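One structure is given here, and the rest of the page talks about it.
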Amino acid sequence: MVTAEPATGYVIGGDPVLPSEDYGWMASLRLAPNQLSHMCGATVIDRHWVLTAAHCVVFESENGVFQVIPPSKLNVMVGSSYAPVEDPATLYTISHVVVHPDYTPNPVLKIVPNADGTQTVDVLSTALNNDIALLRVGREFAATIPVVRLAGISKADELDLALGQQWSDVERPKNTRVSGWGSTQTDGTGMSERLLKTDLSFVPMDECFKRLELGNELNFILESPLNRTKLCTLPPEVIRDADGNSLEYGPDSCKGDSGGPLRARDQQGEWYQLGIVSGSPVGALTCGSLARPSFYTRIGTYYGWITEQVGRLPEHPITAPDIITDSSNSGTGDTGDSGGSDGGATPDNVPKEQETIDLSKCNAAVDEDAIAHTNCSLSGADAGSSSWQILMGLLALMLYRIRGVRVLRPGDKALIHKSCE
């Protein structure tokens, strides 16, 4: 979230969520080893399950190994609108972490040598693609905790059409709403102690594609204007100071809001969660850009996968994405004993490197011309830079393998996710 005055702790253009409002399904993902610090948002979708972003629970260590945070290092807090833990009863342990199998934090690029010595590069998968994960809690949520309503396949199509028709760059509509305990500053610092909400403008995918990818040699966020895996928003208005002067930014989701909900009303006035806070391209502002859309995981695309996972008990505590289970450079689940066909790690095959990761390290700094997620993801114990920086330039290339495809891991940062860096 974005604010003009650090002392207020308010989202300018939005409001603190009041106890009387129906946000009981809102969850805060916590790091148990780091004094239960807030890491990401999440939503209660079942009596035993919460929904969040994959990048909230998958991180890359300094040696390039991707790992899933073990359930033992995670908690969720549900039933409180305040960030500080005030009642142990609001804390729930995690028994299972399920990450979408096709999650790709970095763009997957195929390099084809040409006869003339040049190379053709194809984008096989965009950055932060399939950015979705499920967490199962160890005990059933209290009966007083409501469940958020998800936009299924047909409802998502209905909302896409209705919200897209409302778009106007001249008079931007306030037709979606985001909530979270994320940053109150445009540089991604200053986490909020109150659950905050703000209204945003839904941006149709063709318009979002123009603003993020038009003219680029390679498309790293959206592969085409027909993308069905992501949604986009922009601030509906400019935030002004006490004297009425423009601050040149607007309301937005920000670092610490990752995994939280993007919601909208249908024609009957019913609220649905249609997106999961994922990331945005980086510029002078980490959050609040009036020109660069933020993007979200589109729930309707993954509704079948969600219902399938929630309807069964996972075989293993960790169900890792294929970048881990199929990679020769994998972390969790690739230790010589996969523990099952899905490659999910059992307590006996979580790699030792997992135990040496400093879960407390966060860094809100970002660079120009980058893409970023919006959570507080993790860096190695001796890290000099934070692992939320997804590397995407085409210079100083390093190669590694994911699922048998040669993948570029370049040196220029191009994406920021929205977890608590």
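Tabulated values for the structure
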{"quantity": "Karplus (6.51, -1.76, 1.60) ³J(HN,Hα), θ = phi - 60°, over region 26-40, in Hz, Gly and Pro reported as x", "calculated": "6, 10, 10, 7, 10, 8, 4, x, 10, 6, 6, 5, 5, 10, 8"}
{"quantity": "Burial ordering of 137, 170, fewest other beta-carbon atoms within 10 Å first", "calculated": "170, 137"}
{"quantity": "Local electrostatic count, residue 275, Cβ distance below 10 Å [Lys/Arg +1, Asp/Glu -1]", "calculated": "+3"}
{"quantity": "Charge sum, other residues only, whose C-beta stays under 14 Å from residue 126's C-beta, Lys/Arg counted +1 and Asp/Glu -1", "calculated": "-1"}
{"quantity": "C-alpha center-to-center spacing [region 78-101, region 139-172] in angstrom", "calculated": "22"}
{"quantity": "Residue order, fewest to most beta carbons within 10 Å, for 299, 145, 153, 94", "calculated": "153, 145, 94, 299"}
{"quantity": "Net charge, residue 246 excluded, C-beta distance under 11 Å - Lys, Arg +1, Asp, Glu -1", "calculated": "-3"}
{"quantity": "When each of 73/255; 230/255; 197/418; 155/230; 174/230 is checked by Cα-Cα distance, pairs over 22 Å", "calculated": "none"}
{"quantity": "Residue 189 paired with residue 313, simple spin-label distance in nm, labels 7 Å along Cα-to-beta-carbon", "calculated": "4.8"}
{"quantity": "Stretch gain in nm, segment residue 72-residue 291, where the contour uses 0.36 nm per residue and the Cα spacing is subtracted", "calculated": "74.8 nm"}
{"quantity": "Paramagnetic reach from residue 242 (point 7 Å along Cα→Cβ, amide N under 20 Å) across region 176-218", "calculated": "184-186"}
{"quantity": "Two-site label geometry, residue 123 and residue 140: point separation in nm, points 7 Å out along Cα→Cβ", "calculated": "4.5"}
{"quantity": "Sites matching trypsin sites (Lys or Arg not before Pro) across region 55-145 that sit in DSSP coil, with at most 15 neighbouring C-beta atoms within 10 Å", "calculated": "139"}
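The numbers here are math on the coordinates, done by the rules we state, and not lab data. Here the structure is a predicted model, which means the values were calculated and not measured. As a convention, Cβ positions derive from the backbone with ideal geometry for all residues, glycine included, and neighbour counts pool all protein chains shown.
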